[in-house]
Structures are given as structure tokens and as C-alpha cells.
Amino acid sequence: MAVPPELRAQLQQQVIDAGGSGRSRLERLVGFLFEKSGLGMEYSADATLTIEQAYRTRKANCLTFTLLTVALAHEAGLQAYGQELDDIVAWRVGDDIVYRFNHVNAGIAIGRSRLTVDVAQELVMSRDPPRPISDQQLVALYYNNRAAELLAGASPAAAAPYMAIALQLAPRYASGWANAGVLHLREGDPRAAERDYLKALALDPANAGALMNLVALYRNNGDEARRAVYARRLEKVQVKDPYFQFLQAEDNARQGDFAGAVQHYRRAIRLYDGDSRFYVGLARAYRQLGEERHAQRAMNRAAALSRRSAGGRN
């Protein structure tokens, strides 16, 4: 989380030198991060970068932006920390393998107030409040996500060093072990992959990524008995997961099964009624079925949720 000297000097001039209260320093820091007169940072989903790389390119995904924000807030004398949101749409699926990407943002404590700085707040779906994490866990997430990106790009040899560091920094992070299993599978070692997936489940019995990958592993090697055991466990997790139901609905819609999409959108809404995007998807599906009255009702609910969300951020 080292801050380049040029960035530190710019921060000193635009944020720190004016002094003032913690809240005024935070306001200047947020302006410095987003405004063109400062860094003018832009969100880019695939920009898992170091702080120096983000400074050079002015691009960052949620993880890199959080690293940057926490590091600069520390420089400005603010109490800052990473926050992780576990319950989000955070899956990347490819070649029958699931990678897990949790969302993170920056938390700032000023007196009794707890404030959040998030570069991707419009893009993230979450039921639960964020969970504070240590700087070490935040750095571990950087290495974990970088490894997962390299794996998605079919580069297991390049991913291995990042994965090793991630596990060293956060040995009890279940999704890290699930991603390590993907790495071992890509390296041609299904037994090591199985051990990693089971380690993930020992740490988090409801880790859907590990369960999905175990089901696929046992299916591919013909172990029907174990596949069935873990498939039942996976189904119990998925049936309670509104975001899995949402992804199923989106998949149904892409395939033209709009009646199936409506069923899954409605299941997602029954599990969690607070995400406007569930209702937007439901409205689109209803329109494809010619049910305009239901579509309009869903859009009205989506608009109400969006207004509530915007009001909570202002």
C-alpha cells in the first residue's frame, strides 16, 4: 500500500495543507479522488492494479480504488479501513468453473460516524452492510483477485505466485482456497483441487463457489455418489440466495424463456425485496410476455427503490 512520492506531494497540496476537521479533510479527499483537478479516477472492472499503477492510469476497480483510498486517508490522518461485502452478485463462470469476487469499499471513521467511499456503488448488489477488514486482508484480496483474473485469462503459471501470497496473507479466507482449487485444476492436479475445495468448505460450509466446483469435479471424474452429496448441499445454498435466483432469471431471459425468467426474478424478490434491478429484470420479462400491467407495476417498484437508494447516499 505504498504511496508514490509524486502522489503524496499532490495529496499534501490539495488535501492535507488546508487542515481543518476530519470531515473537511475527507470531503477534500473525495474531491481529490474523483474530480479532474485531482486524480479524476475512473472505474474499470478489470483494473486490478497497484496504487502506483492506478495513479499512472487513473483507473481502478473496486479493490484497487479501496487500496488507494485507504492509503491516502491514512496519509491524511484519517481512520480508514477496507470493508468487504460478501452477499453480492460476484461470480465469474467459465469452462464450468466458478471464480469468486467479493466487493470491497473504503470505510472512514470520524468520531461516531462511519462513512463509506465506493467507486462502484451503482454497480454492486448487496443485502447486508459491509464488514470491516484489516489492511492485511485487503492486500490478500488484491493478490487473490489478481490470481483469479490471470486464471480467467488461461495463465495458471502467472497466477500461481499471486495465489500463494494471497493464501499466506489470509489462510482462513474460504474463497481464496476455492480459487486455489481452480488453479490446481488448471495445472492438471484434480486431487489438489479437491483438497482446496474441501478446505474452503471447512472454513465456510456454504461457500457456493467451492460447492459448484466440487460438483463439477465429481461429475467430470464420474464420482456420482459424491457429486450428488455436494449437489444437494449446493441446492440448499442456492435456494436461499436471491442473487443466484437473479442470475438464473437473467440466463432464462437470454435464452428467450421469459416465463422461467419471471419465476426466478420473483423468487429473488421473495428472498430480498430491496434491489431495484430485480424489478427492472422482472419488468423486461413481463413486457416480453405482453403483460404490460405487471411490467409497469414492477418498474414503479424499481423506481421507488432507486429513489430510496439515492436518498440514502446523499
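Looking only at the range 171-194, decide whether some residue is out of contact with any Lys or Arg (no Cβ under 6 Å at 6 or more places or on another chain), basic (K, R) and modelled with pLDDT under 95. Looking through the range 171-194, at least one residue is out of contact with any Lys or Arg (no Cβ under 6 Å at 6 or more places or on another chain), basic (K, R) and modelled with pLDDT under 95. From the list Q255, Q248, Q238, Q263, the one residue that fits, being surrounded by fewer than 21 Cβ atoms within 10 Å (Cβ to Cβ), in contact with a helix residue (DSSP H, G or I) (Cβ under 7 Å, 6 or more places away or on another chain), without any contact (Cβ under 8 Å) to a residue 24 or more places away in the chain and not charged (D, E, K, R), is Q248. Scanning the range 52-72 for residues that are surrounded by fewer than 22 Cβ atoms within 10 Å (Cβ to Cβ), on the phi < 0 side of the Ramachandran plot and not in a strand (DSSP E or B) yields E52, Q53, Y55, R56, T57, A71. Checked against the criteria, A47 counts as closer than 16 Å to L141 by Cα, surrounded by 15 or more Cβ atoms within 10 Å (Cβ to Cβ) and either free of Cβ contacts under 8 Å to residues at least 60 places away in the same chain or out of contact with any Pro (no Cβ under 9 Å at 6 or more places or on another chain) (or both). Restricting L305, L289 to residues that are touching a residue at least 24 places away in the same chain (Cβ under 8 Å) and either in the same structural domain as P129 (by TED's automatic domain parsing) or closer than 30 Å to P129 by Cβ (or both) narrows the list to L305. Among the residues that make up the range 211-227, is at least one of them assigned to a helix (DSSP H, G or I) and under 30 Å from A302 (Cβ atoms)? Yes, some residue in the range 211-227 is assigned to a helix (DSSP H, G or I) and under 30 Å from A302 (Cβ atoms). With respect to the conditions (1) free of Cβ contacts under 8 Å to residues at least 40 places away in the same chain; (2) assigned to a helix (DSSP H, G or I); (3) closer than 19 Å to H103 by Cβ, A206 lacks only one, and its number is (2). Of the helices (runs of 4 or more DSSP H) lying entirely inside the range 244-314, those containing at least 1 residues that are of a type in the set (S, T, Y) and more than 23 Å from the chain's Cα centre (by Cα) span 276-288.
Taking the numbered list (1) part of a helix (DSSP H, G or I); (2) within 26 Å of T69 (Cα to Cα) in turn, A178 passes all entries but (2). Of a type outside the set (A, V, I, L, M) and buried (at least 17 other Cβ atoms within 10 Å of the Cβ): is that true of S24 in this structure? Taking the combined requirement at face value, the residue does not satisfy it. Scanning the range 187-198 for residues that are surrounded by fewer than 20 Cβ atoms within 10 Å (Cβ to Cβ) and under 23 Å from the mean Cα position of the chain (by Cα) yields one hit, L198. What about F258, is it among the hydrophobic types (A, V, I, L, M, F, W, C) and within 30 Å of G107 (Cα to Cα)? Answer is no for this residue.
Being touching a Gly at 6+ places or on another chain (Cβ under 8 Å) and farther than 15 Å from A303 by Cβ is true for just one of A249, A259. Which residue is that?
Going through A249, A259 in turn, just one is touching a Gly at 6+ places or on another chain (Cβ under 8 Å) and farther than 15 Å from A303 by Cβ: A249.
F101 falls short on exactly one of the conditions (1) outside the structural domain of R233 (by TED's automatic domain parsing); (2) modelled with pLDDT of 90 or more; (3) not small (G, A, S), and that condition is (2). The residue list G111, G94, G77 contains one member that is at pLDDT 95 or above and among the small types (G, A, S), which is G77.
The values are calculated or read from the model by the stated rules, or taken from the named source; none is laboratory data. Please read these numbers as outputs of a predicted model, since none were measured by experiment. Please note: Cβ atoms are built from the backbone with ideal geometry, for glycine as well, and neighbour counts cover all protein chains shown.
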